[in-house]
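Before any comments, here is the structure.
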């Protein structure tokens, strides 16, 4: 990682020294500081105001114990987190993740990225993230309910509709949001828009389920049209993952005339040369909560392969990594480029390793970073907050239309910032610069608290 500006290079060394055991957070900070070198060169006022130093340190990090009772009556203990990273442009906003891998480094990395992602949407939302090392897989509904209630019994005192509005993330879907919201309402005796991703019967937004996947394709379409003068129709795509983002990225891909030939889960991937039958995937994943392996057992001609990495060896025009961080490494990037990939658009949070992203850019592949291309989910979360504040609901078509405009706006903000700061075509730098500048100007305007 080469940070060309001496001041930012020194700042990164200080972050390394302060947080030596947080590799995910350091990776995210390094990538952003690398992109911000031309900003530091051009804007010494932001150095004088300590904006760079402040942006690499969260405003608040909350860690707490979550005790709950399993179905056998045994007490279980997990660790809960909420990082309220930056509130310069609005109340904290970001998802809750339930997964055994959750730790302070991952939560800080996600909150840091969320700050710039939320800025790019143009909506008044600060950055946050939270979650727990609790694993919902294999747990009964009652166990998940008891965990969520215990988690919210601590979290409620730190959040609110004008303070911090959590949402879902990995392991937190409609069921979990419902349990969390019910506990918040029970404790506070108030019905507010304190969580997004709620059910439609109690304040949720239409199109929220589809938002991240749909938004990813709206970004891809705008990127291909502007930078390659190519339509999305007729292209072949590979999508990693088979959760919410991947499913609805597949759905919108097919609606726009693309053929998706592969999807995966944490155990392996399926390849269907004729094109993925999304109805089968939805049945397996959304109804049965099963493994993607079952797809090959039900669809003639489909092939299942154990392990996830091999999915990137499948020839495609477009690759959409939608699973988890650092899933697409240099070997995967080399395989994709060898097979003529045209564009890679991130649907997950930082799913591509830095060396892989650099390899794509050096080989003329369009590369869209997740903080820009997967911002559809938080965009509709912001629209859900607006609807809750108005005590009103928009139609699916209205929300979808607003989502499309937001995603197009995000692409053009990143594209324009890259051109203005001397890195034309580099959407990683462009997204980082555009997202940072809005937050930085707000931080400077609001002064420094001594």
Inset, instruction - Quickly run through the stretch 283-310 and pick out the residues that are more than 21 Å from the chain's Cα centre (by Cα) and in a helix (DSSP H, G or I). - result: 283, 284, 287, 293, 294, 295, 296, 297, 298, 310
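Give the stretch 18-42 a look and list any residue that's over 27 Å from the mean Cα position of the chain (by Cα) and either without any contact (Cβ under 8 Å) to a residue 60 or more places away in the chain or under 20 Å from residue 106 (Cα atoms) (or both), or say none.
Going residue by residue through the stretch 18-42, those that are over 27 Å from the mean Cα position of the chain (by Cα) are 41-42.
Scanning the stretch 18-42 gives a single hit, 41.
Being assigned by TED's automatic domain parsing to the domain that holds residue 306, within 26 Å of residue 413 (Cβ to Cβ) and under 22 Å from the mean Cα position of the chain (by Cα) is true for just one of 223, 263. Which residue is that? Spell out the reasoning first.
Values: 263 fails: within 26 Å of residue 413 (Cβ to Cβ).
Every option except 223 fails the conditions.
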Inset, instruction - Considering each residue of the stretch 195-230, count those that are more than 16 Å from residue 248 (Cβ to Cβ), assigned to a loop (DSSP other than H, G, I, E, B) and touching a strand residue (DSSP E or B) at 6+ places or on another chain (Cβ under 6 Å), and give that number. - result: 2
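For residue 398, indicate whether it is more than 22 Å from the chain's Cα centre (by Cα) and closer than 27 Å to residue 93 by Cα. Can you show your working first?
Working: more than 22 Å from the chain's Cα centre (by Cα): yes; closer than 27 Å to residue 93 by Cα: yes.
It is true that residue 398 is more than 22 Å from the chain's Cα centre (by Cα) and closer than 27 Å to residue 93 by Cα.
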Inset, instruction - Scan (1) farther than 14 Å from residue 381 by Cα; (2) out of contact with any helix residue (DSSP H, G or I) (no Cβ under 7 Å at 6 or more places or on another chain); (3) in a loop (DSSP other than H, G, I, E, B) for the single condition residue 124 breaks and write down its number. - result: (1)
Inset, instruction - Taking only the stretch 416-427 into account, find how many residues are touching a residue at least 60 places away in the same chain (Cβ under 8 Å) and crowded, with 24+ Cβ neighbours inside 10 Å. - result: 1
Inset, instruction - Please find, within the stretch 359-376, the residue that is surrounded by the fewest Cβ atoms within 10 Å (Cβ to Cβ) out of those that are at pLDDT 95 or above and part of a helix (DSSP H, G or I). - result: 362
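Okay, residues lined up against (1) modelled with pLDDT of 95 or more; (2) surrounded by fewer than 24 Cβ atoms within 10 Å (Cβ to Cβ); (3) closer than 22 Å to residue 32 by Cβ:
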residue	(1), (2), (3)
384	yes, no, no
395	yes, yes, no
414	yes, no, yes
429	yes, no, yes
441	yes, yes, yes
Inset, instruction - State yes or no: is residue 336 farther than 22 Å from residue 112 by Cβ and crowded, with 23+ Cβ neighbours inside 10 Å? - result: yes
Inset, instruction - Run down 72, 84, 76 and say which single residue is modelled with pLDDT of 95 or more and under 27 Å from residue 385 (Cα atoms). - result: 84
Inset, instruction - Keeping to the stretch 166-192, report how many residues are within 30 Å of residue 345 (Cβ to Cβ) and touching a helix residue (DSSP H, G or I) at 6+ places or on another chain (Cβ under 6 Å). - result: 3
Legend entry - Output for the stretch 49-82, where each listed residue is without any contact (Cβ under 8 Å) to a residue 24 or more places away in the chain and part of a loop (DSSP other than H, G, I, E, B): 57, 72, 73, 74
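The values are calculated or read from the model by the stated rules, or taken from the named source; none is laboratory data. The model shown is predicted, which means the values in this text are computed figures rather than measured ones. Note that each Cβ is placed from the backbone with ideal geometry, even for glycine, and that neighbours are counted across all protein chains shown.
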